[in-house]
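The values are calculated or read from the model by the stated rules, or taken from the named source; none is laboratory data. Since the structure is predicted, the reported quantities are computational estimates derived from the model, not experimental observations. Positions of Cβ are backbone-derived with ideal geometry, glycine not excepted, and every protein chain shown enters the neighbour counts.
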Amino acid sequence: MNLACSADEMMTVAAARMLRDGAVCFVGIGLPSTAANLARLTHAPNAVLVYESGPIGAKPTVLPLSIGDGTLAETAETVVSTPEIFRYWLQGGRIDVGFLGAAQLDRFANLNTTVIGPYEKPKVRLPGAGGASEISSSAKEVLIIVKQTPRTFVEKLDFITSVGFLNGGDSRQRAGLSGNGPTAVISDLCILRPNPQSHELEVTSIHPGVSRETIIASTGWTICFAETCHETPAPDATELETLRDLKKRTAAAHGIHGEAA
Amino acid sequence: MAEWVTLREAIATHVHDGDTVALEGFTHLIPFAAGHELIRQRRRNLSLVRMTPDLIYDQLIGAGCAAKLTFSWGGNPGVGSLHRFRDAVENSWPRPIELDERSHSDLANAYVAGASNLPFAVLRGYAGSDYPRVNDKIRSIICPFTGEVLAATPAVRPDVTVIHAQKADWHGNVLLWGILGVQKEAVLAAKRAIVTVEERVRSLDAPPNACILPNWVVTAVCEAPRGATPSYAHGYYERDNIFYRAWDRISRERGCFDGWVDQHILQTEDFAGYLRLQDESGVQAGSR
């Protein structure tokens, strides 16, 4: 097997490794769902995947295209209604990890999925909050997976949809959010973690073959590197093979030629 | 008491211009047949409510049926943008649309409040987010027992809720299963409820605790086989993912969209006619 991996594969594998076995994980669609399922199929067979459409303990054999595909319901331990998933399971404090994507994020890991430009007259109207705003406030911790470009990693968000660490320091806590907030942002270039005091994101791990200059050029703010910044271990054969098989099965199931979403 | 009628009669009798209408179904059981009938009967000035507008509201918005949209996630799941929704918000085409934007958790709670005959929903949400700044319906309340500040938002009380379900019996009792979304709450929150079903059966043969809507909370029930397609009906047919992807192309340009609506909805007699046309054309996507 070809062990040379793409930046996207590195990102997905690095994100999957963050999910510990047995964790109860509220999963966003797209990249988070791919990473969470890769984790479940490799080192975290007992991870409990919760989707906002109601499935709890879903074990899909192919990745869902939508957040409510039938395969999620068929493979779940139970399927509850949408009000119940948000009231009893998320707000009820039963979610260990919220796994989210984003269109834009800032240095304090606040997320925008609502608009580019002013809200009243947006340049680009994005989908909106969905479940993300309450996942980011109520999950015990949040993992964010997002591609790193100057357009996604921005100095200032056009809109705060989901709160990370607000203005940094203890501002999240003071705003009264119950969860602990983001613990890591996994991009296609590196892994960022919030500084324990300032809560500003800093690079703690750089993916193989990526330079500091590339990371700096791909970030819309002056990015900090942690004192102990190491190299992300490259994906091993099992991780890559499992991910590629999953994507192949998914593409076949959804009738997509080439790479699935 | 639920009355068995055709979908055309149900929409003509129970949905009026200017009504607040919720067509619910979370990815699963989306009532597309009913959405098409609203377009076919040229309803106007509707205040639409739905957690995930999906293709069904992209079609209604693009066809000029909607004056207002209450929603919490407006995308084409797994594909990208809803182009008609975006064109309405970004360019006021075909007409301006007022937004009442919430989060999923909020809207789900707001339906529960409506079903519970309460004026507002309470949730732990929105702290630090920009939504309260742009939506004055998102307010806060102080817990009288603990002093905690919580978000409060108005209940959803539609004039009409429309859902699709798998089965109804001859008396109009409705059974649905699989991903249930907020359909039960949306029906119980509404003044009138229309339910389309895959099939009419003698007996529901459902176990205790099954999700059943008794006929006395339903206004009209209509047979609409494949009435949720391109969404899916658990146990009947799968989600037409090819159509969801084809929609990106159909809906991207105004002219192409208008032509599609005219040919597939306005020029067809009913949803069965639409399905025949789709089957004949091998679903636009076939050409991709």
- [ ] Being among the hydrophobic types (A, V, I, L, M, F, W, C), buried (at least 18 other Cβ atoms within 10 Å of the Cβ) and out of contact with any Phe, Trp or Tyr (no Cβ under 9 Å at 6 or more places or on another chain) narrows it down to one of B:115, B:152, so name that one.
- [x] B:115
TODO: Starting from region A:137-161, keep only residues that are within 14 Å of chain B (Cβ to nearest Cβ), then list their pairs with residues that are surrounded by fewer than 17 Cβ atoms within 10 Å (Cβ to Cβ) and aromatic (Phe, Trp, Tyr) whose Cβ atoms are within a distance under 8 Å, requiring at least 6 positions of separation or different chains.
DONE: none
- [ ] Could you check residue B:60 against (1) in contact with a Phe, Trp or Tyr (Cβ under 6 Å, 6 or more places away or on another chain); (2) under 22 Å from residue B:18 (Cβ atoms) and say which number it fails?
- [x] (1)
Open item on the list: Let me confirm something: among A:132, A:76, A:36, A:58, which residue is touching a Lys or Arg at 6+ places or on another chain (Cβ under 8 Å) and either of a type in the set (S, T, N, Q) or modelled with pLDDT of 95 or more (or both)?
Closed with: A:76
TODO: Please give the number of the condition residue B:178 fails out of (1) buried (at least 20 other Cβ atoms within 10 Å of the Cβ); (2) modelled with pLDDT under 95; (3) not hydroxyl-bearing (Ser, Thr, Tyr).
DONE: (2)
Open item on the list: Take the residues in region B:270-284 that are part of a helix (DSSP H, G or I) and small (Gly, Ala, Ser); name whichever of them is farthest from residue B:7 (Cα to Cα).
Closed with: B:273
Task: Residue check for residue B:187: within 14 Å of chain A (Cβ to nearest Cβ), β-branched (Val, Ile, Thr) and closer than 30 Å to residue B:118 by Cα - done: yes
Open item on the list: So residue A:123 ticks every box in (1) facing chain B (nearest Cβ under 10 Å); (2) in contact with a Gly (Cβ under 7 Å, 6 or more places away or on another chain); (3) crowded, with 19+ Cβ neighbours inside 10 Å but one. Which box is left unticked?
Closed with: (3)
Open item on the list: I'm checking my understanding of the structure. Among residues of region A:126-136 that are facing chain B (nearest Cβ under 7 Å) and more than 14 Å from the chain's Cα centre (by Cα), which one is surrounded by the most Cβ atoms within 10 Å (Cβ to Cβ)?
Closed with: A:134
TODO: Working carefully through the options B:37, B:3, B:24, B:9, find the one that is within 14 Å of another protein chain (Cβ to nearest Cβ) and touching a residue at least 12 places away in the same chain (Cβ under 8 Å).
DONE: B:24
- [ ] Return yes or no: is residue B:18 touching a residue at least 12 places away in the same chain (Cβ under 8 Å) and either in a helix (DSSP H, G or I) or touching a helix residue (DSSP H, G or I) at 6+ places or on another chain (Cβ under 8 Å) (or both)?
- [x] no
Open item on the list: Any residue at all in region A:177-185 that's over 15 Å from the mean Cα position of the chain (by Cα), facing chain B (nearest Cβ under 9 Å) and either in contact (Cβ under 8 Å) with a residue 40 or more places away in the chain or surrounded by 22 or more Cβ atoms within 10 Å (Cβ to Cβ) (or both)?
Closed with: yes
- [ ] Quick one: in region A:76-92, of everything that is among the hydroxyl-bearing types (Ser, Thr, Tyr) and more than 7 Å from every other protein chain (Cβ to nearest Cβ), which residue is nearest to residue A:33 (Cα to Cα)?
- [x] A:78
Open item on the list: Checking the condition at pLDDT below 95, touching a helix residue (DSSP H, G or I) at 6+ places or on another chain (Cβ under 9 Å) and surrounded by fewer than 19 Cβ atoms within 10 Å (Cβ to Cβ), which residue from B:267, B:284 passes?
Closed with: B:284
- [ ] Evaluate region B:208-227: report whether one residue or more is closer than 28 Å to residue B:183 by Cα, crowded, with 21+ Cβ neighbours inside 10 Å and within 14 Å of chain A (Cβ to nearest Cβ).
- [x] yes
- [ ] Working carefully through the options A:73, A:109, find the one that is among the small types (Gly, Ala, Ser), part of a helix (DSSP H, G or I) and within 13 Å of another protein chain (Cβ to nearest Cβ).
- [x] A:73
TODO: Could you pull out every one of the strands (runs of 3 or more DSSP E) wholly within region B:69-165 that has 1 or more residues that are under 19 Å from residue A:163 (Cβ atoms), more than 11 Å from every other protein chain (Cβ to nearest Cβ) and among the hydroxyl-bearing types (Ser, Thr, Tyr)?
DONE: B:149-154
- [ ] With the condition kept exactly as written, say whether any residue in region A:35-56 is surrounded by fewer than 23 Cβ atoms within 10 Å (Cβ to Cβ), more than 7 Å from every other protein chain (Cβ to nearest Cβ) and either closer than 23 Å to residue B:235 by Cα or among the acidic types (Asp, Glu) (or both).
- [x] yes
- [ ] Go through region B:25-63 and give me each residue that's in contact with a helix residue (DSSP H, G or I) (Cβ under 9 Å, 6 or more places away or on another chain), within 22 Å of residue B:267 (Cβ to Cβ) and assigned to a loop (DSSP other than H, G, I, E, B).
- [x] B:31, B:41, B:42, B:43, B:63
